Amino acid sequence: AGGCYNGAVNFYDLREGETPKATTTVEVAHWDPVYELAWLQSKTQSECVTVSTDARCIFWDVRQLKEPLDECELTDGSKEEPRRLGGVALEWMQEAGPTKFLVGTEEGTVLLLNKKPKKDVEIGTWFGQPSKGGDGAHFGPAYSVRRNPQHPKAFLTVGDWRAQLWLEELKAPLLNTVYHEAYLSAGAWSPTRAGVFCVARTDGWLDFWDYYYRMNQVSLSHRVTDGDALTTVAPEHSGRFVAVGDCTGTMTLLELCDGLVAPGPNEKNVIGQLIDREMKREKNLDLARKAAGNRKAGDDRAVRPSGPSDELLEQRREAFLDQMGLRE
């Protein structure tokens, strides 16, 4: 299945040819280009979900594309005048919870959608949105959202000139990379190493980060094109190969060295401990900020001792004048 620039969703069966076997109608399709599609694990193995900049996340059954299964409007959560947020990235992973969907938006924030049985799809958390208690959103669209295969509650976002590591328990990023030399367009975790991820740059370079060894700088930079912007990156399940696409439509297949494929000693636990440590630190800082805010609010609300009334002041003034003989 695939999403189209005109908002349609096509379903293909290559055993029956290269033309779409089924496609959505204009009335139910997206109004803007479909940015990402994800297959879901279901009994029929025929369900998928799509996201678009028309601020809708739509669930489909490819056996019947004339009518969507469900739909969720992407908004900022405001009760008075909700603002629609265009979706540009989508992530679903069975291990993280079959009802949870992450959506990266044009605003740089990330939404956590919940799709529970017999209930409407709703937005549960707004990551990075100040009005919802978040912070640290990207300065541009969050073009890529990917969960860590070995620590599913941790997810990576890529946008502007940096990549960010988030946790479901926190509404602000846990870690940020340094600013890269060029705008970032995509990112992906290594399937075999818990601390390794790569980011694609618009100047044709692919950068690899290895948090198991160091967190302050890129571990490896590889030039894929002669300046053509990279647009997507996808690792193979064994972690040995990485497919990279660019703006010209060219796909490049890279074979990685053993250092980026073979996990280090106890790497999964080390990265898990790093995530737990940073999460506790962020929670402590958040509690300190809230406590400071409460103290300030308490000071503002403190009742100052009131002075004497105007009537009492006038009586004292008259008594003073009589005592000093100053009356005319």
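The values are calculated or read from the model by the stated rules, or taken from the named source; none is laboratory data. Computed from a predicted structure; not experimentally measured. Methodologically, a virtual Cβ is constructed for each residue, glycine included, from the backbone with ideal geometry; neighbour enumeration extends over all protein chains shown. When the accessible area is computed, the model is the full protein with side chains, heavy atoms only, and any ligands, DNA or RNA have been set aside. Shrake-Rupley method; radii C 1.70, N 1.55, O 1.52, S 1.80 Å.
Less than 9 Å Cβ to Cβ from residue 58, Lys/Arg counted +1 and Asp/Glu -1: what total charge do the surrounding residues give? All intermediate terms of the calculation are to be shown ahead of the outcome.
Working: positive: 56; negative: 70, 71.
Local net charge: -1.
Can you show me the helix-derived [θ] at 222 nm for the chain, built from DSSP H runs with n ≥ 4 at -39,500 (n - 2.57) apiece and divided by the number of residues, rounded to the nearest 500. Write out the running numbers ahead of the final one.
On the way: 2 runs with 50 residues, N = 328.
The helix-only estimate for the chain comes to -5500 deg cm²/dmol at 222 nm.
For the stretch 99-206, state the average projected area of the convex hull of the C-alpha atoms over all orientations, rounded to one decimal in nm².
7.2 nm²
Taking H placed 1.01 Å from N in the peptide plane, check which residues at least 5 places from residue 229 or on another chain put their amide H under 5 Å from its amide H.
Here 247 satisfy the definition.
Going by amide H atoms built from the backbone, whose H comes under 5 Å of the H on residue 71, apart from near neighbours?
Residues meeting the amide H criterion: 59, 121.
Could you compute the FRET efficiency for residue 14 and residue 215, with r as their C-beta to C-beta distance and R0 at 35 Å, rounded to 0.05?
Efficiency, from the Cβ-Cβ distance: 0.20.
Quick one: what do you get for the chain if you divide its Cα Rg by 2.2 N^0.38 Å?
Details: Rg = 27.6 Å, N = 328, 2.2 N^0.38 = 19.9 Å.
Cα-based Rg divided by the globular estimate yields 1.39.
By how many nm would the segment from residue 295 to residue 45 lengthen if fully extended, with 0.36 nm per residue of separation less the alpha-carbon distance?
Result: 84.5 nm gained on full extension.
Computed FRET efficiency, Cβ-Cβ of residue 169 and residue 234, R0 25 Å: what is it to the nearest 0.05?
Result of the calculation: an efficiency of 0.35.
Round to a whole angstrom and tell me the spacing of the C-alpha centers of the stretch 17-75 and the stretch 172-234.
Cα centroid to Cα centroid, the span is 30 Å.
Could you sort 92, 161 by accessible area so the largest value comes first, with the probe set to 1.4 Å? Don't skip to the answer; put the middle values down first.
Working: 92 40, 161 105 Å².
From most exposed to least exposed: 161, 92.
Pick from 82, 68, 33 the residue whose mean-square fluctuation is largest in a GNM of the chain, springs joining Cα atoms under 10 Å.
Comparing 82, 68, 33 in the GNM, the peak value goes to 82.
Residue 314: accessible area at probe 1.4 Å, nearest 10 Å²?
90 Å²
Accessible area, 1.4 Å probe, largest first: how do 73, 81, 318 sort?
Most to least solvent-accessible, the answer reads 81, 73, 318.
Going by the alpha-carbon gyration tensor, a ≥ b ≥ c the square roots of its eigenvalues, is the stretch 221-296 rounded (a/c under 1.5) or, if a/c is not under 1.5, prolate (a/b greater than b/c) versus oblate?
Oblate is the answer for the stretch 221-296, as a/c is 1.5 or above yet b/c matches or exceeds a/b.
Given a 10 angstrom Cα cut-off, can you work out which residue in 287, 65, 174 is the most mobile in a GNM of the chain?
Most flexible of the set in this elastic network: 287.
Per residue, how much accessible area does the chain have with a 1.4 Å probe, in Å²?
Numbers: 18230 Å² over 328 residues.
It amounts to 56 Å² per residue over the chain.
Regarding the stretch 135-294, what's the average projected area of the Cα-atom convex hull, expressed in nm²?
Details: hull surface 38.0 nm².
Over every viewing direction, the Cα hull of the stretch 135-294 projects on average to 9.5 nm².
Can you list the HN-Hα couplings for the stretch 25-41, worked out from phi with the Karplus curve (6.51, -1.76, 1.60; θ = phi - 60°), rounded to whole Hz and with x for Gly and Pro?
For the stretch 25-41, the Karplus curve yields 8, 4, 5, 10, 6, 5, 8, 10, x, 7, 8, 7, 10, 9, 7, 10, 8 Hz.
How would 99, 232 rank on accessible area, largest to smallest, probe 1.4 Å? Please report the intermediate quantities before stating the final value.
Details: 99 45, 232 75 Å².
Ranked list, largest accessible area first: 232, 99.
What part of the accessible area of the stretch 90-220, given as a whole %, is carbon or sulfur when the probe is 1.4 angstrom?
Numbers: 2510 of 5000 Å².
For the stretch 90-220, the apolar C and S fraction of the accessible surface comes to 50 percent.
What is the sum of charges around residue 92, taking Lys and Arg as +1, Asp and Glu as -1, for the other residues whose C-beta is under 13 Å from the C-beta of residue 92?
0
So what are the radius of gyration and Dmax for the Cα set of the stretch 151-215, in Å?
11.5, 35
Taking 7 Å along the Cα-to-C-beta vector as the label spot, tell me the residue 226-residue 83 distance in nanometres, rounded to one decimal.
If labels sit at residue 226 and residue 83, their model points lie 4.3 nm apart.
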